[in-house]
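Structure first, then comments.
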Amino acid sequence: MSLEDHAGDVARKARMMAGVSSDAAARAAGISESELAAFEDSGSAAKNLNLGGFAAKVGLDGAKLERLARGWLPAAKDLATWCELRQITTTEGGNAVHCYLVWDEVTREAALFDTGWDPAPALKLVEENQLKLNHLFITHSHPDHVAGLAKVRDRFPKIFMHSDMAGSPPQQRNRRNDCIHLGSLRITNRDTPGHAEDGVTYIVGNWPDDAPHVAIVGDAIFAGSMGGAPQHGDLARQKVSEQILSLPAGTLLCPGHGPLTTVAEEKANNPFFG
């Protein structure tokens, strides 16, 4: 699976989050504005592009940005390590988004994290595996993540909702000390606003055979990048650092877009985090 953001996407997001004009950024990079625009559009760097100078101007780690531009990818993940975890991808208008299904192997209790554009593939897995879908956790309320909400609630009217969405009934709002039990699995939450005001990350722990924790992060962080936050960039980066990258190194990060990654890989390679 290709990255959600190439090096040019990362450059543009960082420049906007830092409030740096294209003219100033181009000068720092030693290229023209048109060359910078081409780089941000394609991710292909002009030979004379000074990535280090650009990165310093917009608050990125220059060495990591260069690694990304050379084609870095996280290692492929074998989900057999977490045998009751599934990633489901749906696409609309060229925009692919992931949701995730988790269940306990003994009790068959299940939880869905986001709905994607269309919940039908996830609901088919529920049926095929004879699961009891008791919980729906929302990472944030952007349309691609909640488009199937009504269909899920129609199919499972008694499902327990969990979100940080403003205006939700109190019983559906996450509390920071919540610990939801899914058979032997335990689900906790951490607030990760910035990309979205109601952004939240869910941590699934106590997997069989001591498999690492799983963090379902929405768009807070991607492999090699993060969700755009032009108005709240400092908050977004702070929350990712404090709430996600503070997790154990082997924690599996399950983003809303792009490939699976780990805390260790992002600390070593994500240009947004020095």
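Key figures for this structure:
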| quantity | calculated |
| --- | --- |
| ARG190 vs. criteria free of Cβ contacts under 8 Å to residues at least 60 places away in the same chain, assigned by TED's automatic domain parsing to the domain that holds PHE113, basic (Lys, Arg) and surrounded by fewer than 18 Cβ atoms within 10 Å (Cβ to Cβ) | no |
| The range 238-255, subset buried (at least 20 other Cβ atoms within 10 Å of the Cβ) and not hydrophobic (A, V, I, L, M, F, W, C), residue farthest from ALA211 (Cα to Cα) | LYS239 |
| Residue among ARG186, ARG175, ARG237 that is touching a Phe, Trp or Tyr at 6+ places or on another chain (Cβ under 7 Å) and either basic (Lys, Arg) or over 19 Å from LYS64 (Cβ atoms) (or both) | ARG237 |
| Hey, GLY258 in a loop (DSSP other than H, G, I, E, B) and not assigned by TED's automatic domain parsing to the domain that holds ASN189 or not | no |
| Pairs with Cβ under 7 Å, 6+ apart, first in the range 26-44 and without any contact (Cβ under 8 Å) to a residue 40 or more places away in the chain, second hydroxyl-bearing (Ser, Thr, Tyr) and in a loop (DSSP other than H, G, I, E, B) | ALA26/SER32 |
| Residues of the range 96-124 that turn out to be of a type in the set (A, V, I, L, M, F, W, C), in contact (Cβ under 8 Å) with a residue 40 or more places away in the chain and buried (at least 20 other Cβ atoms within 10 Å of the Cβ), as a count | 8 |
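The values are calculated or read from the model by the stated rules, or taken from the named source; none is laboratory data. Since the model is a prediction, treat every value here as computed from it, not as a measurement. No Cβ is skipped: glycine too gets one built from the backbone with ideal geometry, and neighbour counts run over all protein chains shown.
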